[in-house]
1. Debye calculation, C-alpha points only, no solvent: report log10 I(q)/I(0) for region 1-156 at q = 0.21 Å⁻¹, in the same order as the q values.
2. For region 19-60, what Kirkwood radius comes out of the mean inverse Cα-Cα distance, in Å?
3. How large is the charge dipole for region 122-232, taken about the Cα centre, if only the Cβ atoms of Lys, Arg (+1) and Asp, Glu (-1) carry charge, to the nearest 20 debye?
4. Which of the lysines could a cross-linker span from LYS149 if the Cα-Cα distance has to be under 25 Å and same-chain partners fewer than 8 positions apart are dropped?
5. Counting C-alpha atoms alone, how compact is region 1-83: give Rg to one decimal and Dmax as a whole number, in angstrom.
6. Using modelled backbone amide H atoms (1.01 Å from N, in-plane), which distant-in-sequence or interchain residues come within less than 5 Å of PHE299's amide H?
Amino acid sequence: MAEGRRVLITGIAGQLPGLLAHALEDRDDVAAIVGVDVREPTHDLARTRFVRAAVRNPMVAKLLADERIDTVVHLSTAAGPGSMGGRARMKELNVIGAMQLFAACQNAPHLQRLVLKSTTAVYGAHHTDPALFREDDRPQVAPDHGFAKDATEIEQYARDLARRRGELDLTLLRFANFLGPRLDSSFHALFTLPVVPSQLGFDPRLQFCHEQDAVDVLVRTVTGDHPGTYNVAGDGVLYLSQCIRLAGRVAAPVPWPLADAVANAVQRTRRVDITHDQLSFLRHGRAVDTTRLRTQLGFTPAYTTRDAFEDYVARRRIHGLIDRDEIAHWQRELVGALQRHSQRRRLARRPQGGGG
């Protein structure tokens, strides 16, 4: 086989890693692809070698050496605690898993490049945020919990590795929320609900990254020479209210002090995994500057934010015709959640009886 990149992809059973592996298989400048996961991938892959292992497994270090891996693409960071068995388990898999993977990378003899899938969530979401976050901006209020905090810590561990190994090229890709016909995400699930909860008095700005742009920029960083940190998002923004209309959904405005109660009610349906940090995002929104992506990485997304959302709606066959009974059911669920929350608050305020 001709000389070329020898790539290891973590989380290969996931949708985005599978799409990336499929794209790399078609390239002559990629000599070998190894996918690591605890689950067997279901993708139609031809020359990707699957190894059943967690990134925390010591055998990953041996795999890096034996396969002469020169490029690691870390894609296995999880965003939703519901699918991971809870927040504690999610943090263990995300942060401890990344630490142990990077420890294996520390001594990998052939490693030249680390590509890390990160998120624009590291900027947080606050009412004092700038209109557009640049890569060097610091959040007004640093994320202190959830997926955003995990991503922030993982980025720091990756930078620490790059400092220890000065010859290692590190590429951090901070993606906006993914949308597309094949990738599932919390935002995909949110807009499949017939009634979309929103926070009364707020209409956040949203940006999206189409799944094909995500794959294309990953291919570019794996096969090229582009160290650095890059925001990745489609041009422009959409307001949440616009998204709800484009998806043909019905908005259900909720007073923001009650947002947690409604989020818990929605989570119990197991259709959407809404976390506390996402509630803040759905209140204030977030937008990022992608100048560096275009000028330094040389990549212009094919899909604007609006294009990505409209393609998602069309190809996911999300129709505006909604069953009235289903709307009524969801409205009852939301009202019930608010009533239970109010009752708990009244009970908490009730004076306790004293002893005689």
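1. At q = 0.21 Å⁻¹ the computed log10 ratios are -1.31.
2. 11.1
3. Dipole about the Cα centre, nearest 20: 80 debye.
4. Reachable lysines: LYS91, LYS117.
5. 12.4, 44
6. Amide H to amide H, under 5 Å and 5 or more residues apart or across chains, PHE299 pairs with ARG294.
Values quoted throughout were computed directly from the atomic coordinates according to the rules given, and no laboratory measurement underlies them. Owing to the predicted nature of the structure, the values given are computational and were not obtained by experimental measurement. Positions of Cβ are generated from backbone atoms using ideal geometry, with glycine treated the same way; all protein chains shown enter the neighbour counts.
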